[in-house]
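Please read the structure below before turning to the comments.
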Amino acid sequence: MAIKGQRTAAGEETRKDILNAALTLLGRGGPDAFSAGALARETNVSKATIFHHFASVDEILLAACDWRQSLEIEGHQPTSARAYLDGLGQQLVRAAQDDPVLLKAQAVFVTRAIFDREMNARISEGVADMHRLVVAALRARLPPNVSDARIVPIARLAEMALDGLMINLVMRADER
């Protein structure tokens, strides 16, 4: 039993390495830099190992998109709505400075989602999850008399501002 568990843990680590390499390749060179061979070189494993963990390159791309969204920025716990929204923006900027490749990979996913129905569905799920989190966070920080009819547009505006900030950070990655 212990050996099987160790293999599973090692397999999960390899899978995570492949997903991390996918994000790195996409962030560094865009879709043209993404292939099974490049993933194998980046992770220092064989193509057979890559395809042991994933059925296809497209499956890797979708799994990397899902994994990237699971790494989304989580807000800290300030008491005011304004501090919460400001904190989200600051966290996005710090994330861009710490690992700009992740934001570039996200931009690749969004771009591909325009033309790929399955990627669009994955991105849409992530956007809906983020929206629910932002609405809940604002609801918890705004006075109880503020209705959802007012909170939802504020959340949407904040989400658009964060998306715009992400695009700006990706396009100006060389400007610290």
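The values are calculated or read from the model by the stated rules, or taken from the named source; none is laboratory data. Model, not experiment: these values are computed from the prediction. Cβ placement follows ideal geometry from the backbone for every residue including glycine, while neighbour counts extend to all protein chains displayed. Side chains included, ligands, DNA and RNA excluded: accessible areas come from the protein's heavy atoms. Shrake-Rupley method; radii C 1.70, N 1.55, O 1.52, S 1.80 Å.
Of the candidates Phe51, Phe109, Phe34, which one comes out as most mobile in a Gaussian network treatment of the chain with C-alpha springs shorter than 10 Å?
In this elastic network of the chain, the residue with the biggest mean-square fluctuation among Phe51, Phe109, Phe34 is Phe51.
Mind pulling the angle between the C-alpha long axis of helix 100-113 and the longest principal axis of the chain? Nearest 10 degrees, somewhere in 0 to 90.
So the helix axis and the longest Cα principal axis differ by about 90 degrees.
Going by alpha carbons, how many degrees (0 to 90, nearest 10) lie between the helix axis of 2-29 and the longest principal axis of the chain?
Approximately 70 degrees, to the nearest ten.
How many percent of Cα pairs in the range 103-165 exceed 18 Å? Intermediate results must be reported in sequence, preceding the final value.
Values: 875 of 1953 pairs.
So the pairs more than 18 Å apart make up 45 percent of the total in the range 103-165.
Please name which of Val146, Gly126, Val108 has its Cα lying farthest along the dipole of the chain towards the positive end, using unit charges on Cβ (Lys, Arg +1; Asp, Glu -1) and the Cα centre as origin.
Val146
Normalising by the residue count of the chain, find the relative contact order in percent from Cα pairs under 8 Å and 6+ residues apart. Before the final figure, lay out each step's value.
Numbers: 138 pairs, mean separation 40.5, N = 176.
Computed value for the chain: 23 percent relative contact order.
To the nearest 20 debye, what is the magnitude of the charge dipole of the range 99-149 about its Cα centre, counting +1 on the Cβ of each Lys and Arg and -1 on the Cβ of each Asp and Glu?
For the range 99-149, the charge dipole is close to 100 debye.
Hey, of [x] 18.5, 59; [y] 17.3, 53; [z] 15.9, 48, which did the structure itself give for Rg and Dmax of the Cα atoms in Å when calculated?
Of the listed options [x] 18.5, 59; [y] 17.3, 53; [z] 15.9, 48, [x] comes from this structure.
Please say if the range 91-134 is rounded, prolate or oblate, where rounded means a/c under 1.5 for a ≥ b ≥ c the square roots of the C-alpha gyration tensor eigenvalues, and otherwise the choice is prolate for a/b larger than b/c and oblate otherwise?
Oblate, because a/c is 1.5 or more while a/b does not exceed b/c.
What accessible area, in Å² to the nearest ten, does a 1.4 Å probe give for His53?
40
Based on Cβ point charges of +1 for Lys and Arg and -1 for Asp and Glu, what charge dipole magnitude is obtained for the range 49-156 about its Cα centre, in debye rounded to the nearest 20?
500
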